[in-house]
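What follows is a short report on a single structure.
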Amino acid sequence: MNLEEYKQKYADKDDAAPGWDAIDGKLSSIYGEQEPMHFAPAIRYMLGGPDPIDGLSIYKSNAGGQAHYHFCSYGFSGLYYEEESAGGEFSGWGFELTFRLMDTGQSRDELMWACNLVQNLARYVFNSKKWFEQYHWIPANGPIRLESNTDIVGLSFVTDPELGIIDTPHGKLEFLQMVGLTSKELELIKAGTRTPEEIVDALRLSNPLLITDLDRVG
């Protein structure tokens, strides 16, 4: 989409959010009319709020035969009308984060920790100007869910197996899924004994969608 086409399609809309609409469109192709749980900060980041991500939607999924929550962020990519971003190579940082968490009947409040985790990762990206790509990894310096006994203490990143990569009016956007790593897996990566790709490929054998289970060990 060139600039002229972009302006013709969106310029007359006061609330135009071409990037947000592109994300919604991809999610609706999978989840149809399902109304997700949605979390949003009281004040948008562009208006001085402390949280870089403007929203997180959470869908209930049974894909792969395993009930889980599927999170998707809005804010690493370009969400709103911005003529200088029209037809770019990448939308914003070029990705949005997703996360699949095993459904154990958690309430809305019991899912907030994962939203906070995404916001913390966003602060790292926005402050350091370093972004994530497939098979990058990061230690959480403790349990990914604070004040819990989980052995999931790190994350790797893969292209979301359902959402993949899309083209938006602002450029390419990859949905990067966060995958929980145990303390043993993290140590193997740090020692150079195994790569993140090797560990993720091993997890895929029994868990193709790479759903994070906070009770997983080993």
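The values are calculated or read from the model by the stated rules, or taken from the named source; none is laboratory data. The structure presented is a predicted model; accordingly, all values stated were derived computationally and were not measured. Cβ: placed from backbone, ideal geometry, glycine included. Neighbour counts: every protein chain shown. To get the accessible areas, we keep the full protein, side chains included, count just its heavy atoms, and leave off ligands, DNA and RNA. Shrake-Rupley method; radii C 1.70, N 1.55, O 1.52, S 1.80 Å.
For (1) among the basic types (Lys, Arg); (2) in contact (Cβ under 8 Å) with a residue 12 or more places away in the chain; (3) touching a Leu at 6+ places or on another chain (Cβ under 6 Å); (4) closer than 30 Å to Gly180 by Cβ, each residue gets a yes or a no:
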residue	(1), (2), (3), (4)
Pro18	no, yes, no, no
Ala22	no, yes, no, yes
Arg44	yes, no, no, yes
Gly87	no, yes, no, no
Gly92	no, yes, no, yes
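Out of all the residues in segment 90-148, which are of a type in the set (Gly, Ala, Ser) and in contact with a His (Cβ under 9 Å, 6 or more places away or on another chain)? If the condition is that a residue be of a type in the set (Gly, Ala, Ser) and in contact with a His (Cβ under 9 Å, 6 or more places away or on another chain), then Ser91, Gly92 are the ones that fit.
Scanning segment 52-83 for residues that are in contact (Cβ under 8 Å) with a residue 60 or more places away in the chain, under 15 Å from the mean Cα position of the chain (by Cα) and farther than 12 Å from Arg100 by Cβ yields a count of 6. Contact map, segment 104-120: residues that are at negative phi paired with residues that are charged (D, E, K, R) and open to solvent by 30 Å² or more (accessible area, probe 1.4 Å), Cβ distance under 6 Å, separation 6+ or inter-chain. Pairs shown: Trp113/Arg145; Gln119/Asp51. Out of the residues in segment 168-218 that are of a type in the set (Val, Ile, Thr) and open to solvent by 50 Å² or more (accessible area, probe 1.4 Å), state the one that is farthest from the chain's Cα centre (by Cα). Ranking the qualifying residues of segment 168-218, first place goes to Thr193.
Before we move on, is Gly94 within 30 Å of Leu205 (Cβ to Cβ), of a type outside the set (Asp, Glu) and under 20 Å from the mean Cα position of the chain (by Cα)? So that I can check it myself, show each step before the final result.
Values: within 30 Å of Leu205 (Cβ to Cβ): yes; of a type outside the set (Asp, Glu): yes; under 20 Å from the mean Cα position of the chain (by Cα): yes.
Here the answer is yes, as Gly94 does meet what is asked.
Could you check segment 7-22 and list, in sequence order, the residues that are outside any loop (DSSP other than H, G, I, E, B) and open to solvent by 100 Å² or more (accessible area, probe 1.4 Å)? The answer is Gln8, Lys9. Of the residues making up segment 51-64, those that are over 18 Å from Gly92 (Cα atoms) and at pLDDT 95 or above are Ser57, Ile58, Tyr59, Lys60, Ser61, Asn62, Ala63. With Ser206, Ser156 as the choices, which residue is hydroxyl-bearing (Ser, Thr, Tyr) and in contact with a helix residue (DSSP H, G or I) (Cβ under 9 Å, 6 or more places away or on another chain)? That would be Ser156, the only listed residue that is hydroxyl-bearing (Ser, Thr, Tyr) and in contact with a helix residue (DSSP H, G or I) (Cβ under 9 Å, 6 or more places away or on another chain). Would segment 145-155 turn up any residue that is modelled with pLDDT under 95, within 20 Å of the chain's Cα centre (by Cα) and either over 18 Å from Ile23 (Cβ atoms) or basic (Lys, Arg) (or both)? Checking segment 145-155: at least one residue is modelled with pLDDT under 95, within 20 Å of the chain's Cα centre (by Cα) and either over 18 Å from Ile23 (Cβ atoms) or basic (Lys, Arg) (or both).
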